[in-house]
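Encoded as structure tokens, the structure appears first; notes follow it.
The values are calculated or read from the model by the stated rules, or taken from the named source; none is laboratory data. Keep in mind it's a predicted model, so treat the numbers as computed, not measured. Cβ coordinates were reconstructed from backbone atoms using ideal geometry, including for glycine residues, and neighbour counts include every protein chain displayed.
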Amino acid sequence: MSLLAFGINHKTAPVDIREKVAFDPQRLPDALRQLVSRDSVNEAAILSTCNRTELYCETDNGDEIEDVLDWFCEYHGLNLDEVRPYIYAHPDSSAVHQIMRVASGLDSLILGEPQILGQMKDAFSAANEAGTVGSLLNKLFQQTFTVAKKVRTDTAIGSSPVSVAFAAVSLAKQFFTKMETHTALLIGAGDTTELVARHLKETGIGRLIIANRTVEKARQLATELGGFAIGLNEIPQHLAEADLVISSTASQQPIVTRVMAEAAMKSRKHKPILMVDIAVPRDIEASIIELEDIYLYTVDNLTSIIQEGMRSRKAAAEQAEEMIESQVVHFMGWMRSLEAVKLIRDYRQSAEQQRDEQINKAMSQLSNGKPAEEVIQELANGLTNKLIHKPTIEMNQAAYAGNNELLAAAQQLLGIEDKES
């Protein structure tokens, strides 16, 4: 029984690689079931966000990384050599450490960002519903959620208002001198888009358009923030109105194409547009960056802005690391205890079998008229001899071979006090 945390993230791979290995939420249950169908994988969960794709697996032993990597590449239709330079793999205690750090926001692009915990919970729920979570991953995720909540409440890790959403709006504030005179088009209506919308509202943005595949969801957010809702199919008609475009969806294909952007710029008479694509896979076609007067940024371009807000979180992160270390030790202790479960069960069954044999023998003697006092004495002697026979032989052989470690272990296991000390 071993654990494996395996994947790529914003530290190891650029966005053009990360988007190739992102999992479509609609196909995630099938992917999970495919993964656990491998002989080496017993349990699995997959976390796929704009900044990382990680697989958490319970395997037969710690040597299955190549099997998981082969499946990973096969599933995404990628060449092994194309992916291998960006991959990291954490076995056992390192895997526990990784998942707890990720859930606590310590491995995020934005140190301490809170959205990752919700994404981790979604990953667990998806795996649970797909039937790929067993007792080990269930315990790991539950303990991970507990420590992440403790990090959030007991440290100042989330005290600074820093997130990808905050960084995107900060970039917009640097780009535009008077936010109240500009129109923003937000594409998507998830948690990140909601954060962007709220940050923009605080800047006094002049006009807010929210586009989403489900118009009703966009309308709910737009109504709350005084914006205007449209469907994704209406973006070409409204793109020219936007001075700022921020996109964050789970689409597997670009939402804003180069053709749309060229048409919008012609209508705007080349008045500049700032586009910020914080989705992986990317929502805004990459070649748009070639167009004059369109300034396109991706999540990888936000690093310098994000660094400014991270400084105040570093001391809290050190405290959080200490909390996680103690929880890793606790979990690995629990995991090692599982190894003894079968041994204890087999030992108990053996003792109960010997007990039952002696009881049956005693009952037979009683039914044949043998005095009860003699039967009880024989029962006690017989059971004692049966139980100590094998340990006695092993201790004699250990003493003969000079195996003092085994003798010391036997003394501890059997609870025998050293009478000579």
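Using the structure shown, decide if Lys370 is in a helix (DSSP H, G or I) and basic (Lys, Arg). Here the answer is no, as Lys370 does not meet what is asked. Hey, any hits in the stretch 90-97 for a residue that's more than 16 Å from the chain's Cα centre (by Cα) and assigned to a helix (DSSP H, G or I)? No; the residues of the stretch 90-97 include none that is more than 16 Å from the chain's Cα centre (by Cα) and assigned to a helix (DSSP H, G or I). For Val133, the criteria (1) in contact with a helix residue (DSSP H, G or I) (Cβ under 6 Å, 6 or more places away or on another chain); (2) modelled with pLDDT under 95; (3) assigned to a loop (DSSP other than H, G, I, E, B); (4) not charged (D, E, K, R) hold in every case but one, which is (2). Among the residues of the stretch 125-134, at least one is of a type in the set (Ser, Thr, Tyr), in contact with an Asp or Glu (Cβ under 9 Å, 6 or more places away or on another chain) and not assigned by TED's automatic domain parsing to the domain that holds Glu241. Collect the residues in the stretch 318-353 that are touching a helix residue (DSSP H, G or I) at 6+ places or on another chain (Cβ under 6 Å) and either of a type in the set (Phe, Trp, Tyr) or modelled with pLDDT under 90 (or both), keeping them in residue-number order. Within the stretch 318-353, Phe331 is the sole residue that qualifies. Among residues of the stretch 228-267 being in contact with a His (Cβ under 8 Å, 6 or more places away or on another chain) and among the aliphatic types (A, V, I, L, M), the one that is farthest from Lys178 (Cα to Cα) is Ile230. Which of the residues belonging to the stretch 142-156 are assigned to a helix (DSSP H, G or I), among the polar types (S, T, N, Q) and buried (at least 16 other Cβ atoms within 10 Å of the Cβ)? Scanning the stretch 142-156 gives Gln143, Thr144. Condition (residue is in a helix (DSSP H, G or I), within 26 Å of Leu225 (Cβ to Cβ) and not assigned by TED's automatic domain parsing to the domain that holds Ile246) applied to the stretch 179-192: is it met by at least one residue? No, every residue in the stretch 179-192 fails to be in a helix (DSSP H, G or I), within 26 Å of Leu225 (Cβ to Cβ) and not assigned by TED's automatic domain parsing to the domain that holds Ile246.
May I ask you to list pairs of residues, at least six apart or on different chains, whose Cβ atoms are under 8 Å apart, with the first in the stretch 207-232 being at positive phi and the second being buried (at least 16 other Cβ atoms within 10 Å of the Cβ)? Filtered contacts from the stretch 207-232: Gly226/Lys201; Gly226/Leu208.
Would you confirm whether any residue within the stretch 88-101 is under 25 Å from Ser251 (Cα atoms) and modelled with pLDDT of 95 or more?
No; the residues of the stretch 88-101 include none that is under 25 Å from Ser251 (Cα atoms) and modelled with pLDDT of 95 or more.
Checked against the criteria, Ser125 counts as under 14 Å from the mean Cα position of the chain (by Cα), part of a helix (DSSP H, G or I) and among the hydroxyl-bearing types (Ser, Thr, Tyr). Against the criterion of being within 17 Å of Cys57 (Cα to Cα) and crowded, with 22+ Cβ neighbours inside 10 Å, Val102 qualifies. Could you tell me whether any residue of the stretch 20-36 is more than 21 Å from Val299 (Cβ to Cβ), in contact with a Leu (Cβ under 9 Å, 6 or more places away or on another chain), of a type outside the set (Lys, Arg) and modelled with pLDDT under 95? There is no residue in the stretch 20-36 that is more than 21 Å from Val299 (Cβ to Cβ), in contact with a Leu (Cβ under 9 Å, 6 or more places away or on another chain), of a type outside the set (Lys, Arg) and modelled with pLDDT under 95. For Thr177, the criteria (1) buried (at least 24 other Cβ atoms within 10 Å of the Cβ); (2) out of contact with any Ser or Thr (no Cβ under 8 Å at 6 or more places or on another chain) hold in every case but one, which is (1).
All of (1) of a type in the set (Gly, Ala, Ser); (2) at pLDDT 90 or above; (3) part of a helix (DSSP H, G or I) hold for Ala398 with one exception: (2).
One line per residue, one yes/no per condition, for (1) without any contact (Cβ under 8 Å) to a residue 12 or more places away in the chain; (2) among the β-branched types (Val, Ile, Thr):
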site	(1), (2)
Met260	no, no
Lys266	yes, no
Val299	no, yes
Ala316	no, no
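So, in the stretch 337-349, exactly how many residues are without any contact (Cβ under 8 Å) to a residue 24 or more places away in the chain and surrounded by 11 or more Cβ atoms within 10 Å (Cβ to Cβ)?
Step one: list which residues in the stretch 337-349 are without any contact (Cβ under 8 Å) to a residue 24 or more places away in the chain, which gives 337, 340-349.
When the remaining residues are screened for being surrounded by 11 or more Cβ atoms within 10 Å (Cβ to Cβ), the result is 347.
Counting residues in the stretch 337-349 that are without any contact (Cβ under 8 Å) to a residue 24 or more places away in the chain and surrounded by 11 or more Cβ atoms within 10 Å (Cβ to Cβ) gives 1.
Just wondering, is there one or more residues in the stretch 380-387 that are among the basic types (Lys, Arg) and loosely packed, with under 15 Cβ neighbours inside 10 Å? The answer is no, given that none of the residues of the stretch 380-387 is among the basic types (Lys, Arg) and loosely packed, with under 15 Cβ neighbours inside 10 Å.
Out of contact with any strand residue (DSSP E or B) (no Cβ under 8 Å at 6 or more places or on another chain), among the charged types (D, E, K, R) and under 30 Å from Thr53 (Cα atoms): is that true of Arg213 in this structure? Taking the combined requirement at face value, the residue does not satisfy it.
Take the residues of the stretch 391-408 that are of a type in the set (A, V, I, L, M, F, W, C) and over 19 Å from Ser350 (Cβ atoms): which is surrounded by the most Cβ atoms within 10 Å (Cβ to Cβ)?
Just the residues of the stretch 391-408 that are of a type in the set (A, V, I, L, M, F, W, C), to begin with: 393, 395, 398-399, 401, 406-408.
Then drop every residue that is not over 19 Å from Ser350 (Cβ atoms), which leaves 398-399, 401, 406-408.
Details: Ala398: 17, Ala399: 12, Ala401: 10, Leu406: 15, Leu407: 15, Ala408: 12.
Going through the qualifying residues, I end up with Ala398.
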